[in-house]
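Some notes on the structure that comes next.
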Amino acid sequence: MNNIHVKLPEGKTAEVSPGLKIQDFMSTLELNGTVIAAKIDGLPVDLDRSLSMDCTLDWIPLNSPEGLSILRHSTAHLMAQAVQSLFPGTQVTIGPTIEDGFYYDFKRDKSFTPEEIGKIEAQMQKLAGLDLKVTREEMPKEEAIKLFHQMGEEYKVAILTDISEETVSLYRQGNWVDLCRGPHVPSTGIIQAFKLTGVAGAYWRGDEKNEMLQRIYGTSFPSQELLREHLHLLEEAKKRDHRRLGRELDLFSFHPIAPASPFLHPKGTIIYNELISHMRQLYLRFGYQEVITPQIFDVNLWRQSGHYDHFKENMFFTHIEDREFGVKPMNCPGHTFIYSAKKRSYRDLPLRLADFGRLHRYEKSGVTAGLTRVRTFSQDDAHIFCAPEQIEAEMTDLLKMFREVYETFQFNKMQVKLSTRPEHFIGSPETWERAENSLAQSLKKSGIDYQVNEGDGAFYGPKIDFVVTDAMRRGWQLGTIQLDFSMPERFDLTYVTAAGSEARPVMIHRAILGSIERFMGILIEHTAGAFPLWLAPVQLKIMTVTDKQKVYAQKVYEDLKTAGWRTELDDRNEKLGYKIREAQVAKVPYALIIGDREMRDQTVSPRRRGGENLRSMSVKDFADILKLEIARKSGELQ
RNA sequence: GCUGGCGUAGCUCAACGGUAGAGCAGCUGAUUUGUAAUCAGCAGGUUGUAGGUUCAAUUCCUAUCGCCAGCUCCA
């Protein structure tokens with residue numbers, strides 16, 4: 001038989017005899033690092049795969065993203081093997097790789113206790129220590145169904161039934177076998193550094209109508225060191241958790257008396273109000289008018305708007321004088337009444353109404369979390385009533401505004417998603433198409449890259465969602481722009497065109513920060529609580545070195561306070577280092593040190609949060625620096 | 001809502017069938033201090049709530065509320 005030609009990375013070609021296993025071929029080469037799988041013509045395969053024809057061969061090293069994913073998938077198998085050896089009768093279902101780890105869902109009547117998780121980990125160590133060979137075999141689907149049926153693995157049978165291919169692959173390690181596409185590590189000994197990180201219930205096929213399975217989460221790394229690093233990173237993220245910082249910095253609290261409803265403390269309220277006043281400044285520039293609308297409406301409003309049908313289980317209701325009222329979960333229906341309070345002309349459009357009104361949504365217990373999912377909140381909400389032909393111009397303005405806002409908060413990476421017509425929709429397909437096109441058009445015109453989420457739009461119109469990346473490289477969906485043809489219809493909104501005929505306006509729902517509360521939570525984690533000067537609840541902390549400077553410090557304090565700076569005075573009889581530390585821990589942007597020298601020269605010595613010392617200067621000079629920093633609204637991220 | 005875990009002083013945690021202890025924070029006093037913690041003393045708790053088992057419950061059991069991790073949902 002003729003030899004075959006194998007193209008290797010870096011352009012080399014090797015001639016090998018057909019049937020040679022990749023791993024045997026590998027041993028003839030000098031490879032750097034650990035290769036745990038390979039690619040034949042771009043398709044990932046196991047190392048025990050035989051080379052049968054001319055091909056291009058690539059290596060998948062353990063420390064590559066693909067290699068890591070294979071390692072984790074194999075670790076999931078190792079875990080499943082451990083579970084089934086320890087708890088016979090437990091059925092396996094699926095066990096995919098996820099970001100930073102993997103999970104495996106099991107069918108077992110009892111859930112796994114922490115002690116059992118420990119045992120599973122130990123068993124995994126043992127199985128890894130045996131360095132079991134992981135081998136692939138293929139068989140006809142029907143045969144596999146029989147096999148898994150015999151084994152009592154009914155979930156695997158269900159998965160197999162849904163597979164369209166006629167041949168499926170199985171992986172064996174020791175006496176354990178699983179249905180899997182692969183590839184996998186060549187032997188279990190490669191799996192060294194792993195940890196099981198959690199247990200949780202999960203519905204079979206992600207449907208809450210299905211039975212609940214027991215999910216075990218875990219993660220796996222090429223080395224103990226990398227695993228430790230990862231766990232350390234998790235610890236760091238915990239330190240930035242806004243719930244923890246919210247308490248430590250005295251920003252907000254929660255109480256069982258009002259579940260999932262934040263109490264904003266004075267310092268948290270400053271941030272909240274600064275965020276709103278920041279948006280108000282933009283509204284002035286972008287032509288918005290702020291309105292205030294009722295909190296509670298007759299349920300008929302919610303019937304008319306369609307929210308009652310779709311979301312009544314998420315609304316709060318109250319009954320009085322034989323009328324039923326619903327607490328508003330959103331502002332838009334209220335705004336239609338301002339629109340239609342008088343006869344509108346095309347000259348009124350676009351009409352941009354902004355509302356920071358408090359909203360209440362009954363979020364199911366179990367889904368709420370800190371500030372990021374609450375039952376009462378407000379949004380930087382606005383509705384733009386415009387003529388259909390104005391959509392594109394409005395969009396251009398909006399995109400500009402969105403970008404500007406996110407840049408201010410140093411969310412420098414922004415991902416944009418355009419969601420199109422869903423299965424169930426209202427309005428005509430033509431209107432939808434026109435709307436989707438104008439959204440896409442404006443995005444392109446503004447030079448914004450976006451991805452299309454087919455069929456993910458709201459039932460009343462297409463939308464654009466904005467996802468930003470924070471300092472911990474986590475994505476957060478913040479803003480949204482939604483076109484709405486339904487609400488103007490339902491509330492019979494009209495305007496008189498230039499030609500004198502009646503026409504239907506379009507409504508654009510939009511929020512940039514989204515929920516202010518949630519945005520605060522995200523911002524706290526993004527900045528690690530070290531807010532830029534303009535947002536900092538306490539901007540300056542004046543501290544004396546000894547009691548001798550008390551009077552002068554008091555005067556400096558009064559001056560800065562009168563000038564409008566949020567200032568605190570620390571003239572306690574404590575050592576300077578102690579005071580500095582407190583200010584630093586409280587993440588106050590500037591500490592102003594006042595000792596004998598400053599008193600003599602009538603100056604202050606500013607120290608920036610983080611340790612940088614500025615030269616001594618007069619209060620006036622310092623205030624100028626502050627003003628500049630405020631004007632830029634900038635700040636370094638920690 | 002579902003699965004599991006956890007509720008002890010303001011915070012972080014200890015004690016574990018014999019009615020609770022530390023550090024930090026707080027208060028008082030001493031110290032007068034120059035860029036991330038001076039020392040000493042004092043005070044602080046119906047052990048989330050309600051039942052039950054027991055001679056005795058913070059500890060064991062049940063229910064309930066809340067929080068946490070996921071799942072489902074998110075106009």
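Values quoted throughout were computed directly from the atomic coordinates according to the rules given, and no laboratory measurement underlies them. Every value quoted in this text rests on a predicted model; they were computed, and no experiment measured them. Note: ideal-geometry Cβ built from the backbone for every residue, glycine included; neighbour counts use all protein chains shown.
Tabulated values for the structure
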{"quantity": "Inter-part distance where the stretch A:562-586 and the stretch A:142-218 are each reduced to a Cα centre, Å", "calculated": "59"}
{"quantity": "Net +/- balance of residues flanking A:F485 in space, Cβ distance below 15 Å, scoring K and R +1, D and E -1", "calculated": "-3"}
{"quantity": "Cα-based Rg / Dmax (Å) for the stretch A:353-494", "calculated": "16.1, 47"}
{"quantity": "Cα-derived Rg over Rh, computed across the stretch A:307-357 with Rh taken as Kirkwood radius", "calculated": "1.09"}
{"quantity": "Whole-Å distance, taken between Cα centres, linking the stretch A:448-494 and the stretch A:99-139", "calculated": "41"}
{"quantity": "Rg/Rh (Cα only; Kirkwood hydrodynamic radius) as it applies to the stretch A:198-309", "calculated": "1.13"}
{"quantity": "Neighbour-limited loop hits for GluC sites (Glu not before Pro), the stretch A:595-633 (at most 15 other Cβ within 10 Å; DSSP other than H, G, I, E, B)", "calculated": "A:E612"}
{"quantity": "The stretch A:188-246 - percent relative contact order, Cα under 8 Å, separation 6 or more", "calculated": "33"}
{"quantity": "Percent breakdown of C-alpha pair distances by 10 Å bin, ordered from the shortest bin, for the stretch A:4-61", "calculated": "24, 66, 10"}
{"quantity": "Per-pair calculated FRET efficiency, R0 = 35 Å: A:L130 and A:M53 via Cβ, rounded to 0.05", "calculated": "0.50"}
{"quantity": "Relative packing of peptides A:308-319, A:190-201, A:426-437 - highest average C-beta neighbours within 10 Å first", "calculated": "A:190-201, A:426-437, A:308-319"}
{"quantity": "Radius of gyration, Dmax [the stretch A:137-229; alpha carbons; angstrom]", "calculated": "16.2, 45"}
{"quantity": "Whole-Hz couplings from phi, Karplus 6.51/-1.76/1.60, listed for the stretch A:304-316; x for Gly and Pro", "calculated": "5, 6, x, 5, 4, 5, 8, 9, 4, 6, 10, 10, 9"}
{"quantity": "Largest to smallest principal axis extent of the C-alpha atoms in the stretch A:66-237, angstrom", "calculated": "48, 36, 27"}
{"quantity": "Rg/Rg_ref, the stretch A:479-594, where Rg_ref = 2.2 N^0.38 Å and atoms are Cα", "calculated": "1.91"}
{"quantity": "Extended-chain gain in nm, criterion 0.36 nm per residue less alpha-carbon gap, A:Q584 and A:R172", "calculated": "142.7 nm"}
{"quantity": "Contact order relative to length of the stretch A:66-237, as percent, for alpha carbon pairs under 8 angstrom and 6 or more apart", "calculated": "27"}
{"quantity": "Compactness of chain A, expressed as Rg and Dmax over alpha-carbon positions, Å", "calculated": "31.1, 99"}
{"quantity": "Relative packing of A:273-285, A:578-590, A:512-524, A:5-17, which averages over residues the other C-beta atoms within 10 Å, highest first", "calculated": "A:512-524, A:578-590, A:273-285, A:5-17"}
{"quantity": "Ranking of A:T497, A:T480 by count of other Cβ atoms within 10 Å, fewest first", "calculated": "A:T497, A:T480"}
{"quantity": "Whole-angstrom Cα spans of the stretch A:540-632 along principal axes, big to small", "calculated": "36, 27, 22"}
{"quantity": "Inter-probe distance in nm under a simple model that places probes 7 Å from Cα toward Cβ, at A:K342 and A:R228", "calculated": "7.2"}
{"quantity": "Globularity index of the stretch A:372-444, i.e. its alpha-carbon radius of gyration over 2.2 N^0.38 Å", "calculated": "1.33"}
{"quantity": "Diffusion coefficient, µm² s⁻¹, Stokes-Einstein with Kirkwood Rh over alpha-carbon pairs of the stretch A:1-143 at 37 °C and 0.692 mPa s", "calculated": "188"}
{"quantity": "At R0 = 51 Å, FRET efficiency that the Cβ-Cβ distance of A:K445 and A:E502 yields, to 0.05", "calculated": "0.95"}
{"quantity": "Relative contact order (percent, whole number), chain A, Cα cutoff 8 Å, 6+ residue spacing", "calculated": "9"}
{"quantity": "Residue order, fewest to most surrounding Cβ atoms within 10 angstrom, among A:D397, A:D131", "calculated": "A:D131, A:D397"}
{"quantity": "Calculated FRET value between A:H310 and A:E235, using beta carbons and R₀ = 60 Å, to 0.05", "calculated": "0.90"}
{"quantity": "Contour excess over end-to-end distance, with Cα ends at A:E30 and A:K548 and 0.36 nm allotted per residue", "calculated": "179.0 nm"}
{"quantity": "Rounded D (µm²/s) - the stretch A:438-519, Kirkwood Rh over Cα pairs, Stokes-Einstein at 10 °C, 1.306 mPa s", "calculated": "105"}
{"quantity": "Cross-link partners of A:K343 among aspartates and glutamates (Cα-Cα below 18 Å; sequence separation of 8 or more within a chain)", "calculated": "A:E489, A:D492, A:E502"}
{"quantity": "Ellipticity estimate at 222 nm from DSSP helix runs (n ≥ 4, -39,500 (n - 2.57)) divided over chain A, nearest 500", "calculated": "-10500 deg cm²/dmol"}
{"quantity": "Segment A:Q23-A:E142, length gained on full extension (0.36 nm per residue, minus Cα span)", "calculated": "39.8 nm"}
{"quantity": "Under the Karplus curve 6.51 cos²θ - 1.76 cosθ + 1.60, θ = phi - 60°, whole-Hz ³J(HN,Hα) for the stretch A:8-22, x wherever Gly or Pro sits", "calculated": "9, x, 6, x, 6, 10, 10, 10, 10, 7, x, x, 5, 6, 4"}
